[in-house]
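The values are calculated or read from the model by the stated rules, or taken from the named source; none is laboratory data. The structure presented is a predicted model; accordingly, all values stated were derived computationally and were not measured. Here the Cβ positions follow ideal geometry from the backbone for every residue, glycine too, while neighbour counts run over all protein chains shown. Remember, those area values only see protein heavy atoms, side chains included, never the ligands or the DNA or RNA. Shrake-Rupley method; radii C 1.70, N 1.55, O 1.52, S 1.80 Å.
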Amino acid sequence: MAEGKIVIVGATQGIGRRLAETYAARGRDVVVTGRDAERAAGVAAEIGERATSAAFDLAKPETIADGLRDVGSVGGLVVAALERDENSIRDYDVERAVYLVTLKLVGYTATVHALLDRMTPEASILLFGGQAFRIPYPGSTTVTTVNGGVEGLVTTMVVELAPRRVNAIHPGIVGDSPWWAAKPPEVLEMHSSRTPLGRLVTMDEVCGAAIFLLENGGMNGVCLNVDGGRRFG
Ligand SMILES: NC(=O)c1ccc[n+]([C@@H]2O[C@H](COP(=O)([O-])OP(=O)(O)OC[C@H]3O[C@@H](n4cnc5c(N)ncnc54)[C@H](OP(=O)(O)O)[C@@H]3O)[C@@H](O)[C@H]2O)c1
């Protein structure tokens with residue numbers, strides 16, 4: 001995978017940003033996106049000359065194509081954005097649920113749709129789910145649903161877009177990601193103790209898996225757990 005830019009949707013912080021930094025350091029051109037144009041441009045400037053930016057809201061899927069209009073040839077597409085959410089079936093907030101389903105399922109699909117005609121022959125697609133799809137927790141109703149939906153997206157995209165490769169990563173709790181790094185030590189310790197590794201996975205480990213899936217020509221239709229082996233809540 002040597003031609004075209006690596007477009008990373010949801011790269012103003014967290015795993016997406018780390019992946020953008022990693023690819024830029026490897027000499028690839030990257031496109032950093034977020035909802036706010038100024039923030040995305042600032043992050044791109046911090047990453048350096050290999051990075052440019054674009055801004056759009058995945059929860060407004062009809063605006064995505066326009067937000068990506070200036071992106072040239074695409075050598076890899078990563079869709080990693082998410083907004084945290086708490087919802088339950090007993091106290092169901094329909095508006096909130098529609099927002100997150102739109103962001104993660106319709107928005108992810110519309111992003112792939114918008115960039116398809118600019119993808120190089122070798123370019124592959126990587127989507128982000130998360131372990132909530134099979135280890136639910138109180139309030140995870142919509143997160144569990146949409147992360148399960150990512151598996152469905154991979155399944156259908158692999159068939160519809162063949163021979164284009166499409167994969168996903170389901171991270172476990174990523175200990176040094178901004179959301180989790182801000183948690184009290186006892187919370188992180190509790191989750192570490194439930195992880196067979198004895199610690200939480202890192203953003204660099206998730207990025208290593210992302211690069212493997214993006215670049216290994218044999219990987220297709222895989223939803224890879226990067227979770228340190230955790231199999232229960
Ligand atoms: N961190 C973990 O432990 C963990 C665990 C399981 C799964 N995951 C998955 O891994 C991926 C990355 O997680 P993370 O924790 O690194 O993310 P994060 O730090 O929360 O960053 C989320 C990114 O998504 C962007 N974003 C949020 N809402 C958006 C929207 N409506 N439209 C466009 N962009 C939007 C944000 O940009 P702006 O705010 O600038 O718009 C930001 O760049 C997510 O898909 C998440 O579900 C992470």
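Points worth noting:
- The Cα atoms of the range 112-207 define a convex hull whose projected area, averaged across directions, is 7.7 nm².
- Note that the chain presents 46 Å² accessible area per residue, ligands and nucleic acids not counted, probe 1.4 Å.
- Whole-Hz Karplus values for the range 161-176 come out as 9, 3, x, 4, 7, 9, 9, 9, 10, 10, x, x, 5, 9, x, 9 Hz, taken residue by residue from phi with 6.51 cos²θ - 1.76 cosθ + 1.60 and θ = phi - 60°; glycine and proline positions read x.
- Relative contact order (%) - the range 85-180, alpha-carbon pairs under 8 angstrom, separation at least six: 33 percent
- All-pairs alpha carbon distance profile, the range 67-149, 5 Å steps from 0, percent: 3, 13, 23, 20, 14, 11, 8, 5, 2, 0
- For the chain, Kirkwood radius (reciprocal of mean inverse C-alpha pair distance, Å): 17.8 Å
- Cross-link reach is defined here as a Cα-Cα straight distance under 16 Å, omitting same-chain residues fewer than 8 places apart; for LYS5 the aspartates and glutamates meeting it are GLU21, ASP29, GLU49, ASP70, ASP117, GLU122, GLU215.
- With a 1.4 Å probe rolled over the protein heavy atoms of all chains, the accessible area of CYS223, CYS207 falls in the order CYS223, CYS207, largest first.
- Given the chain, longest segment not containing exposed loop chymotrypsin sites (Phe, Trp or Tyr not before Pro) (DSSP; at most 14 other Cβ within 10 Å): 93-231
- With all protein chains modelled, accessible area of VAL32 [1.4 Å, Å²]: 0 Å²
- Only protein heavy atoms count here; under a 1.4 Å probe, GLU86 has an accessible surface of about 150 Å².
- Value at 222 nm in deg cm²/dmol, rounded to 500, when DSSP H runs of n ≥ 4 in the chain each add -39,500 (n - 2.57): -11500 deg cm²/dmol
- Accessible area, probe 1.4 Å, largest first, for residues LEU105, LEU197: LEU197, LEU105
- Whether the range 157-233 is rounded, prolate or oblate, judged on the alpha carbon gyration tensor where a/c under 1.5 counts as rounded: prolate
- Residue-count net charge about ARG18 - beta-carbon cut-off 12 Å; Lys, Arg +1, Asp, Glu -1: -3
- At most 16 other Cβ within 10 Å, DSSP loop - trypsin sites (Lys or Arg not before Pro), the range 68-121: ARG69, ARG84, ARG90
- Using alpha-carbon coordinates, inclination of helix 14-25 to the longest axis of the chain, degrees: 40 degrees
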